[in-house]
Amino acid sequence: MNAQQRYIDLLKSSLLNEIYIENEVRLMYVFAMLGSRQTVDASVLREIGTRLPDWLRNVQTARQEGRPWWNVTVTESNGQAKSINLRNVCEFSHTMVGRKRLDNIQYCLDLVRADGIEGDVIETGVWRGGASIFMRGYWAAWEMTDRTVWVADSFEGLPVPTLPQDAGYDFSASKVPILAVSLEEVQENFRRYGLLDEQVKFLKGWFRDSLPGAPIRSLALLRLDGDLYESTMDALNALYDKVTPGGFIIVDDYGDFEPCRSAIHEFRDQHGITDPIEKIDWAGAYWRKTGREPLAVTTTQRDFRTAIAQGNLQAIQSATHKYSWKGVPMWKNPFDFALYWLLIWQAKPKTIIEIGSKYGGSALWLADVLTLYGIPDAKIVSIDINRVTSFSDPRIEFLSGDVNNLAATLTPEYCEKLPRPWLVIEDSSHIYEHCLAALEFFHPLLQKDEFLIVEDGIVDDLGISKEFNGGPNRAVLEFMSHHDHEYSLVTELCDFWGRNVTWNPNGYWKKTA
């Protein structure tokens, strides 16, 4: 056994409190005696393993399986048997998941490491932090310094159920106080293991608030432990798209919480997920995400709202109008300025067609990006109904054209000469009808694996979409209602900075058929 595995095994035993499990049984005995108003026998405390072997065996078995064992039976002085529930006083380990589920986490991480699966790990619902501590310890054992452990929890216990699917499952702090563990206590537990450092990030809040805007780029492992339907669905909606193909989804409560299980099956059915669910133990289950392409997301399954705080939108919008490139105005916000670099590196287009030139700054910038990436013979075609450009560039062809009649400008003969692959950017007037006309025009021209970008759907969040008759998002909704089976939403771009943290929410599309 190598040193890494010795450390990992010791970490499991420590988190499960297996090393000092006799002391746990001693405390259970003391509380049981107090609960039945009997005298604590010091000899029982000294010889707990021989005097209460069934108690010790039951705790050891429960710890292996991650099962609760809080009910003990004692005989009172009058000879009557009394059952005592020690739930809120006798759970001493740093995790309730049990050894089998810790072994499963290690199994998944071993494959992540061996197969080179990119991404961080996250646990949604952490209690005292034990499973998350274990994942951080795994990174430490193998000296994997480029990975983050995201620790997501309300740190106030489970929410009060608000959905009918969670009726009868109220485990909120007022009902089950032991489940409410503060952020400070979880951080202290990390510190005790020497694992509280910059590779651990905490996300405090209800999942519907904390997860959509979390700055998580990609995940190799998503561990769900939210118990309820609402918590499970909130985590899946925010994070599933970020799981790298080959990564893992672990569901802690699949076997014992019907609301959680219902959310899993409903989400998988909605998204056509057929990867087999594997059983871990009586409660836990997992599956491995297959495929190489981003999950196809229809616009009926995902809204257009951005995670950018409302107070920041106007300030960023104002600053965007001050951008320039080589002295030419270029209205690109900082998020998409970076995203286009990523997109062009991935797509390596030979032709970029831009609808909406304005001053020409974006076209000039795109041409420079292509040049810097060393893409030979690349061409920019930029079209506007009113050309106001003040420069010329041999890499760019500025054309006059009406978005409502692009066929007059982009004739079949002209398009046939444009080198492939294409990247099309619809950035005309933002008016719904104009945007839809552009989408419908390019749809039959685009080939498989080419990209179609719809700019400025952010007008919805800016509160000005009425000025554009619904704007780009309305056009995308209508267009994709007919064609979404032929396109895949590139969520790793839309959500690179957080859920739709872009001026093009749900605006990065790849043709798949």
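Bear in mind that the values in this text are calculations on the coordinates, not laboratory data. Quick caveat, the model's predicted, so the values are computed rather than measured. Counting neighbours? That spans all protein chains shown, and the Cβs are built from the backbone with ideal geometry, glycine included.
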How fast does segment 136-292 diffuse by Stokes-Einstein, in µm²/s, taking the Kirkwood radius from C-alpha pairs at 20 °C and 1.002 mPa s?
129
Can you compute 3J(HN,Hα) from phi for each residue in segment 315-322, using the Karplus curve 6.51 cos²θ - 1.76 cosθ + 1.60 with θ = phi - 60°, rounded to whole Hz and x for Gly and Pro?
5, 5, 4, 5, 5, 4, 6, 9
Roughly what would the spin-label model give for Ala338 and His443, points 7 Å off Cα along C-beta, in nm?
3.4
Net charge dipole size for segment 98-288 [Lys, Arg +1 and Asp, Glu -1 on Cβ; Debye, nearest 20]
340
Using the beta-carbon distance between Phe92 and Leu163 and R0 = 41 Å, what value does 1/(1 + (r/R0)^6) give for FRET efficiency, to the nearest 0.05?
0.80
If packing is taken as the mean number of other Cβ atoms within 10 Å per residue, what is the order of 153-164, 311-322, 346-357, 221-232, highest first?
221-232, 346-357, 153-164, 311-322
At 222 nm, what helix-only mean residue ellipticity would the chain give, in deg cm²/dmol to the nearest 500, using -39500 (n - 2.57) for each DSSP H run of four or more?
-11000 deg cm²/dmol
Relative contact order of the chain, defined on C-alpha pairs under 8 angstrom at six or more residues apart (%)
11
Pop a pseudo-label 7 angstrom from the Cα along the beta-carbon direction at both Ala173 and Asp115 and give the gap in nm to one decimal.
4.0
Just checking my list (i) 89, 60, 41; (ii) 184, 44, 41; (iii) 98, 49, 40 against Cα extents along the principal axes in Å computed from this structure; which label fits?
(iii)
Sequence-separation-based contact order of segment 310-511, relative, with Cα cut under 8 Å and 6+ spacing, percent
19
Once the dipole of segment 112-255 is set up from charges on Cβ (+1 Lys and Arg, -1 Asp and Glu), the residue from the list Pro177, Ile249, Leu236 lying farthest towards its positive end is Ile249
For segment 22-38, take each phi angle, set θ = phi - 60°, evaluate the Karplus expression 6.51 cos²θ - 1.76 cosθ + 1.60, and give the result in whole Hz per residue in order, putting x for glycine and proline.
4, 5, 5, 5, 4, 5, 4, 4, 4, 5, 5, 5, 5, x, 9, 6, 10
Positive dipole terminus of the chain, leading residue within Phe134, Gly66, Leu34 (C-beta point charges):
Leu34
Put +1 on the Cβ of every Lys and Arg and -1 on every Asp and Glu Cβ in the chain; which of His483, Leu219, Ala81 then has its Cα farthest towards the positive end of the dipole?
Ala81
Karplus couplings for segment 57-62 from phi (6.51 cos²θ - 1.76 cosθ + 1.60, θ = phi - 60°), rounded to Hz, Gly and Pro as x?
5, 5, 5, 4, 5, 4
Mind giving me the FRET efficiency for Ser318 and Arg67? R0 is 35 Å, r the Cβ-Cβ distance, nearest 0.05 is fine.
0.05
With +1 on the Cβ of every Lys and Arg and -1 on the Cβ of every Asp and Glu, and nothing else charged, how large is the dipole of the chain about its Cα centre, in debye rounded to the nearest 20?
1060
Take Ile385 and Ile277, extend 7 Å from each Cα along the Cα→Cβ direction, and tell me the distance between the two endpoints in nm.
5.2
Descending packing, highest mean Cβ count within 10 Å first, for 323-330, 234-241, 115-122, 199-206 is 234-241, 115-122, 199-206, 323-330
For Lys201, give me every one of the lysines with a C-alpha distance below 27 angstrom, ignoring sequence neighbours fewer than eight places off in its own chain.
Lys12, Lys100, Lys242, Lys289
By the mean-Cβ-within-10 Å protection proxy, highest first, 135-148, 396-409, 451-464, 487-500 rank as 487-500, 451-464, 135-148, 396-409
On the formula 1/(1 + (r/R0)^6), with r taken between the Cβ atoms of Arg46 and Gln80 and R0 of 22 Å, the FRET efficiency rounded to 0.05 is 0.25
